[in-house]
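Step one of this worksheet: look at the structure below.
Throughout, read-outs are computed from the coordinates displayed, never taken from laboratory work. In this text, all values refer to a predicted model and were calculated from it rather than measured experimentally. Because the Cβ atoms are built from the backbone with ideal geometry, glycine has one as well, and the counts that use them run over all protein chains shown.
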Amino acid sequence: MLSDDACSPCGPGLARVLDAEPLLARAWTTLPRRRWPAGARLLSAGEPAHDLWFIESGLVRLYCLAPDGLERNKSFHAEGAWVGAGVPPRPAPSPYFIEALEPLQVVQLSYAELQRWSLQWPAVGELLVAGLGRVFARLAAREAELLLLDAPDRYRAYLSEYAAIAARVPLRHVAGYLGITDVALSRIRRRLGIGGRTGSAGAERQP
């Protein structure tokens, strides 16, 4: 049910902790399960972030809205990943939007519950610290990509990082992630031999 290497806020090992802590595993089963249709917004920029969501099925994007009205995609997440905002377990206004790109089913964990779990089960706190370290490392790598790589290399980095889900992300959102136009992305794909509206590497799908 839980992917050790995809639990971005909690770090690897959550599945093992649940296996080792029967009471925690039981608490996990009592958490709310929620569903959203494609296009639904889980959280808006500026809204208080009080919850984390574990994706059981579906795909989401995290994005910011620039002053000129353009959407800049921050990241994409699918099954086995956690999404949220701020620095749990401290609620804070979200710096970005979270939107479902596909019908979504999630497990919802409040920051308050996460804090209680961290106090009751020290292993949860350790996972949270490790997971936050991974998040900050990824933010640093993302910043370096934007500063140091040209658009074709940023696209190659995207295909490498998101190999498992690249074909599910609409190309207009990939362009927004790379900071380029749809036309520029089409040119890069043609140069790389990735043409048309379908394919295994970043195929365009209508949301």
| note | Per the charge dipole of region 149-191 (beta-carbon charges, Lys/Arg positive, Asp/Glu negative, Cα centre), the residue among I188, A157, V174 reaching farthest to the positive end is I188
| request: Quick one: net charge around L114, please, counting Lys, Arg +1 and Asp, Glu -1 for every other residue with C-beta under 15 Å from its C-beta. | output: -2
| query | L52's amide H: which non-local residues (gap 5+, or another chain) put their own amide H closer than 5 Å, with H modeled 1.01 Å from N in plane and none for Pro or chain starts? | reply | L109, S110, Y111
| message | Angle check, please: helix 122-148 long axis (alpha carbons) against the longest principal axis of the chain (alpha carbons), in degrees 0 to 90, nearest 10. | response | 10 degrees
| Taking the Cα centre of the chain as origin and charging only Cβ (+1 Lys, Arg; -1 Asp, Glu), how large is the dipole, in debye to the nearest 20? | 500 debye
| Taking only Cα atoms, what is the 0 to 90° angle, nearest 10, from helix 151-161's long axis to the longest principal axis of the chain? | 40 degrees
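What is the sum of charges around S75, taking Lys and Arg as +1, Asp and Glu as -1, for the other residues whose C-beta is under 10 Å from the C-beta of S75?
Values: positive: R61, K74, R138, R142; negative: E161.
With Lys, Arg at +1 and Asp, Glu at -1, the neighbours total +3.
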| field | Rounded to whole Hz, the Karplus (6.51, -1.76, 1.60) HN-Hα couplings of region 94-111, x for glycine and proline | value | 6, x, 8, 9, 10, 10, 7, 8, 9, x, 10, 10, 9, 9, 9, 10, 6, 4
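Estimate the FRET efficiency between S44 and L146 by the formula 1/(1 + (r/R0)^6), using the beta-carbon distance for r and 35 Å for R0, to the nearest 0.05.
0.90
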